[in-house]
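Student: Here it is: the structure, laid out below.
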Amino acid sequence: MSQPDLPAHHILQQAAQWFATMLAEDVSQQERDQWEAWLNDHPEHQRAWRYVEQVGQRFQHAQQQAGTTGARQIIDGTRSSRITRRTLVGGGLASVATWLIWSQTTLPATARQLAHALSADYRTATGEQRQLTLSDGGQLWLNTATAVDISYTDTIRHIKLRDGEILIETAKDALARPFVVTTLQGSLRALGTRFSVQQGYGDTQISVYEGAVEINTTSEQRLTLQAGEHTAFSANAIDEPIKAQSSRVAWQQGLIVADNISLQELVDELSRYRHGYLAVDTSVADLKVIGTYPIDKPDHTLAMLENALPIRARRVLPWWVTLEPGH
């Protein structure tokens, strides 16, 4: 699946470390000067800094909704007027001005996701799964951070996937209405089937487990995907089908199944179920992982990985975790 373009891992780590330093109660003027010099040294440093701020803001928003005591302490510390004033003293940097609005506004991308969720017929939060029974008797499961609209008329059964991932088991319809799922990249017509669909950053992922599904992209590229096949498609092209893995929908049972996959692949999947930033150092990213891990306890999963592999989880901030070589 396509991923958003991010600064290099080591630069992100530097930015996170500086973020933690600037939040410290005992931050010195020398450290502030060093941070400013680092920030001005390269455009990628500024981009990494903005990204760390964005992750922190998303974590803040999620934890505000959760209302936990620990989250309130984190938020209170981040919002400290003492910190914002000190950071701005003598700086004059446009990027530093975000400190003034960091706790007041929602990041545009986050705002769009929030708008999708709030206006959708059905939605799930990060780490949540939900099962729905459709009016025709079919079943619909929503994975983490998913938003859908459902529209049944006299002529069509339609599900619009706004964000996230769904698993569908269609039911026989007395009116013989077509069952169609639409995404940003096209439409999917079910042919008596069980299948999963995931809305990616720039593509749609689909796996068919029973029956078949007709794919029609927005540019009218077409393919019929058979049971046991998986593919991804953009608005203009459809990838060559490969074998579908049933482990892709283990989330239906609240699990992540790692069948000899890389640590990087597992981290990419696990990060979908937790707030904040989770990454893996390139030196251990290719380590192979086998096992079954609970979706609802991502930090427990990290502890399991630390016990099973020569790695450690480094927490620069409560919401910024990197898996690194163990010592």
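Student: May I ask what percent, to the nearest 5, of DSSP beta bridges between residues of region 131-217 are antiparallel?
Tutor: So the antiparallel bridges amount to about 90 percent of the total.
Student: Here is a follow-up. Working out 0.36 nm times the residue gap between S283 and A237, then minus their Cα-Cα distance, what length gain in nm do you get to one decimal? Provide the component values of the computation, followed by the final result.
Tutor: Working: separation 46, 0.36 × 46 = 16.56 nm, distance 3.38 nm.
13.2 nm is the gain from fully extending S283 to A237.
Student: Just add up the charged neighbours of R194: K/R +1, D/E -1, any other residue whose Cβ is under 10 Å from the Cβ of R194.
Tutor: Neighbourhood net charge equals -2.
Student: F233: net charge of surrounding residues, Cβ under 14 Å, Lys/Arg +1, Asp/Glu -1, itself excluded?
Tutor: Around F233, the charge tally is -4.
Student: Hey, how many Å between the Cα centroid of region 1-57 and the Cα centroid of region 120-142?
Tutor: One Cα centre to the other: 38 Å.
Student: Sequence gap at least 6, Cα distance under 8 Å: using those rules, report the relative contact order of region 123-248 to the nearest whole percent.
Tutor: It comes to 16 percent, rounded to a whole number.
Student: If you average 1/r across every pair of different Cα atoms in region 254-325 and take the reciprocal, what Kirkwood value do you get, in Å?
Tutor: 11.9 Å is the Kirkwood radius here.
Student: Taking the Cα-to-Cβ direction at A313 and at A125 and moving 7 Å from each Cα, how far apart do the two end points lie in nm?
Tutor: 1.9
Student: Need one number: the % of Cα-Cα pairs in region 123-248 sitting beyond the 27 Å mark. It would help to have the intermediate numbers written out before the result.
Tutor: On the way: 803 of 7875 pairs.
The proportion of pairs with Cα distances above 27 Å equals 10 percent.
Student: If packing is taken as the mean number of other Cβ atoms within 10 Å per residue, what is the order of 134-140, 228-234, 282-288, highest first?
Tutor: 228-234, 134-140, 282-288
Student: Rounded to the nearest 0.05, what FRET efficiency do H300 and D26 give with R0 = 35 Å and r taken as the Cβ-Cβ distance? Could you check?
Tutor: Efficiency computed from Cβ-Cβ geometry: 0.60.
Student: Between beta-carbons, use under 15 Å as the cut-off and find the net charge around S219, counting Lys and Arg +1, Asp and Glu -1.
Tutor: -2
Student: Dipole of region 141-249, Cα-centred, from +1 at each Lys and Arg C-beta and -1 at each Asp and Glu C-beta, to the nearest 20 debye?
Tutor: The dipole of region 141-249 has a size of about 180 debye.
Student: Enter the Cα centre distance for the pair region 159-199 and region 252-327, rounded to the nearest angstrom.
Tutor: After rounding, the separation between the Cα centres reads 31 Å.
Student: What FRET efficiency do you get for D136 and S262 if R0 is 41 Å and r is their Cβ-Cβ distance, rounded to the nearest 0.05?
Tutor: Values: r = 40 Å, r/R0 = 0.98.
Once rounded, the FRET efficiency stands at 0.50.
Student: Sticking with the crude label model, points 7 Å out along Cα→Cβ, report the distance from D149 to S247 in nm, one decimal please.
Tutor: For the pair D149/S247, the computed spacing is 3.7 nm.
Student: Between A125, I166, G192, whose Cα lies farthest towards the positive end of the dipole of region 123-248 when Lys and Arg beta carbons carry +1 and Asp and Glu beta carbons carry -1, centred on the Cα centre?
Tutor: Farthest towards the positive pole: A125.
Student: Cross-link partners among lysines for K243, C-alpha distance below 22 Å, same-chain residues fewer than 8 apart left out?
Tutor: K288
Student: Now for a different question. Arrange K172, K297 by Cβ neighbour counts within 10 Å, fewest through most, would you? Kindly include the intermediate steps, with their values, before the conclusion.
Tutor: On the way: K172 9, K297 15.
Listed from fewest to most nearby Cβ atoms, that is K172, K297.
We did not get these values from a lab; they are worked out from the coordinates using the rules stated. All of these numbers come straight from a predicted model, not from anything done at the bench. Ideal geometry is used to build each Cβ from the backbone, glycine not excepted, and the neighbour counts take in all protein chains shown.
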